[in-house]
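The values are calculated or read from the model by the stated rules, or taken from the named source; none is laboratory data. These numbers come from a predicted model, not from an experiment. Don't worry about glycine lacking a Cβ; one is built from the backbone with ideal geometry, like all the others, and counts go over all protein chains shown. We work out accessible area using only protein heavy atoms, side chains counted, and drop any ligands, DNA or RNA first. Shrake-Rupley method; radii C 1.70, N 1.55, O 1.52, S 1.80 Å.
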Amino acid sequence: MVAKLTYFRGRGRAETTRWMLAASGVAFMNVPIDTPEELASLRAAGKLPFDQMPLLEIDGHQLSQSSAMIRCLARRGGLYGGNDTDAMWADMIAGVVADFAETAMQAAFKPSPEIAIAELEGRFAKFGPRFEARITAQGSGFCAADKMTFADVVLAEALSSYLEWLPDLLDCTPNLKDLYERITSEPSIASYLDSDLRYPKPGDDYVIAAARVLQRALPPHMPDAARFMV
Ligand SMILES: N[C@@H](CCC(=O)N[C@@H](CS)C(=O)NCC(=O)O)C(=O)O
């Protein structure tokens, strides 16, 4: 069975699910949505439980909410730790990673690379040392348990975006750097990252495509920012 992941033609809020599909060994295809009409027809067909993307179709289910998708895949792939304490830590860390990752997700929407980088640096200064301390305290090289969990996968996913803007980011956090390298070297994840399923770092094209599909305003610094508004 091949799962289907419906979203814009880019990473965005679907990317943690792509990493988790890879990590849990589920074959999948991207179903890109390029026009407002395609989104309207998905909604009209009742395929989006809350009218939002991403949509993950798996095992006859239609899932909304990336947080539900990654946990569904974690349970399925044995990536929720070995006990309740592991699961508690995995949930807690995945929650803070979502806060941390949001800054990277917004970076392409900023008026300049300098502004994006300053925001990413500030966010890493807040959370990076906490991630490093948690990995040190855990002692296994993973962040939540003594084996890989979905929290490690989403943390590595967020770091991969930060590193595209700030290549030296992890020089002062050796445990975080090791975790990042271990997770991205996992054969299933490495193979995903090297495949056509992996979209490139988002730029203006992605920002414009998302605004076109959602019929929303572009960021105010972009020319003709209201061009897709209905
Ligand atoms: N918390 C949700 C956010 C989903 C979301 O905001 N999706 C946007 C596209 S990135 C969307 O579908 N917006 C249209 C809408 O909310 O009606 C998740 O992570 O899946």
Helices (runs of 4 or more DSSP H) contained entirely in the range 65-158, each with at least 2 residues that are open to solvent by less than 60 Å² (accessible area, probe 1.4 Å) and in contact with a strand residue (DSSP E or B) (Cβ under 7 Å, 6 or more places away or on another chain): 66-77
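For (1) within 16 Å of the ligand (Cβ to nearest atom); (2) among the acidic types (Asp, Glu); (3) within 22 Å of Leu5 (Cβ to Cβ); (4) under 16 Å from the mean Cα position of the chain (by Cα), each residue gets a yes or a no:
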position	(1), (2), (3), (4)
Ala137	no, no, no, no
Leu159	no, no, yes, yes
Leu169	no, no, no, no
Glu181	no, yes, no, no
Asp196	no, yes, yes, no
Pro223	no, no, no, no
Val230	yes, no, no, no
Hey, Ala45 within 12 Å of the ligand (Cβ to nearest atom) and modelled with pLDDT of 95 or more or not: no
Residue among Asp204, Asp194 that alone is under 19 Å from Met105 (Cβ atoms), open to solvent by 70 Å² or more (accessible area, probe 1.4 Å) and at pLDDT 95 or above: Asp204
All positions within the range 104-116 that are within 13 Å of the chain's Cα centre (by Cα) and in contact (Cβ under 8 Å) with a residue 24 or more places away in the chain: Ala104, Met105
Residue in the range 112-123 that is away from the ligand (no atom under 15 Å from the Cβ) and farther than 30 Å from Pro220 by Cα present: no
Gly12 on the phi > 0 side of the Ramachandran plot and within 12 Å of the ligand (Cβ to nearest atom): yes
Top-ranked residue in the range 25-42 [being part of a loop (DSSP other than H, G, I, E, B) and more than 24 Å from Ser188 (Cβ to Cβ); ranked as nearest to the ligand (Cβ to nearest atom)]: Ile33
Which numbered condition Ala68 fails, given (1) free of Cβ contacts under 8 Å to residues at least 12 places away in the same chain; (2) over 15 Å from the mean Cα position of the chain (by Cα): (2)
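Let's see how each residue does on (1) among the hydrophobic types (A, V, I, L, M, F, W, C); (2) part of a helix (DSSP H, G or I):
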residue: Ser160; (1), (2): no, yes
residue: Pro167; (1), (2): no, no
residue: Cys172; (1), (2): yes, no
residue: Asn175; (1), (2): no, yes
residue: Thr184; (1), (2): no, yes
residue: Asp196; (1), (2): no, no
residue: Pro202; (1), (2): no, no
residue: Ala211; (1), (2): yes, yes
Some residue of the range 25-36 being open to solvent by less than 60 Å² (accessible area, probe 1.4 Å), at pLDDT 95 or above and of a type in the set (D, E, K, R): yes
Residues (free of Cβ contacts under 8 Å to residues at least 40 places away in the same chain and away from the ligand (no atom under 12 Å from the Cβ)) located in the range 48-60: Gly60
